[in-house]
Structure formats: structure tokens, C-alpha cells
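A.B. asks: Handing you a structure now.
What follows is calculated from the coordinates using simple rules that are stated; it is not laboratory data. Model, not experiment: these values are computed from the prediction. Because the Cβ atoms are built from the backbone with ideal geometry, glycine has one as well, and the counts that use them run over all protein chains shown.
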Amino acid sequence: MGFNQFSGFARMTGCPLCKLKSVKNVRFSTRQWIILDCNKCKIPMIVWRGHDKELPIDTMKQADAICNMLFGDNWKWRNTEKSIPEHWHEHVLEE
């Protein structure tokens, strides 16, 4: 399955995530979100499938709820330099 296949979001030319033909190590997936292991550091990351660098608070609350469901109360965002700026994403550190 490709990154934005079946998501309803448009693909962006030149976007490295949209160009992915297959996605590995998927932990969770919906039409709006995907949680997968980062190819570089192997830490889980939550990714918004749309092409937005910032998300509204209600959408951020969805991300929190998904991470709470998957990781319980023992996680936090790791804010790092973004190598893929086209999609909002954060690494999820389990504490």
C-alpha cells in the first residue's frame, strides 16, 4: 500500500512520502493518519496524510487520542528537525 493510497488526500509532486510505493512497519492507519516506524531512526512517528505543516487544535487532539490509544499514558512528542516538511509529523517517544 502506498502512503496516500485510499486516503482521499491529493498527492503532491515531489513529496517524498507521497512518492512511496509501499510503507513498512505500519502500527496504525486511517484515512487521515498513519503511525509507522521512521526509516531513519526506527522510532514510531505519527504522520498527518494531508499537506499541512501546522494543524488546528482539534486535529492535534485527534493525534493525542490516537497516541494515547496505542501507547497509553507513557509517551511524548519528540520535536526534531523535519526532513519531510510537506506533512505534519512527530516522533513518538515511549517513556
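A.B. asks: Provide a single number: the residues in the stretch 16-37 that are touching a helix residue (DSSP H, G or I) at 6+ places or on another chain (Cβ under 8 Å) and not in a loop (DSSP other than H, G, I, E, B).
C.D. replies: The qualifying residues number 4.
A.B. asks: Something else now. Name the pairs whose Cβ atoms lie under 6 Å apart, with the first residue in the stretch 70-93 and closer than 19 Å to residue 26 by Cβ, the second aromatic (Phe, Trp, Tyr), and 6 or more positions between them or separate chains?
C.D. replies: Short answer, once both residue conditions are applied: 70/28; 87/48; 88/48; 90/77; 92/75.
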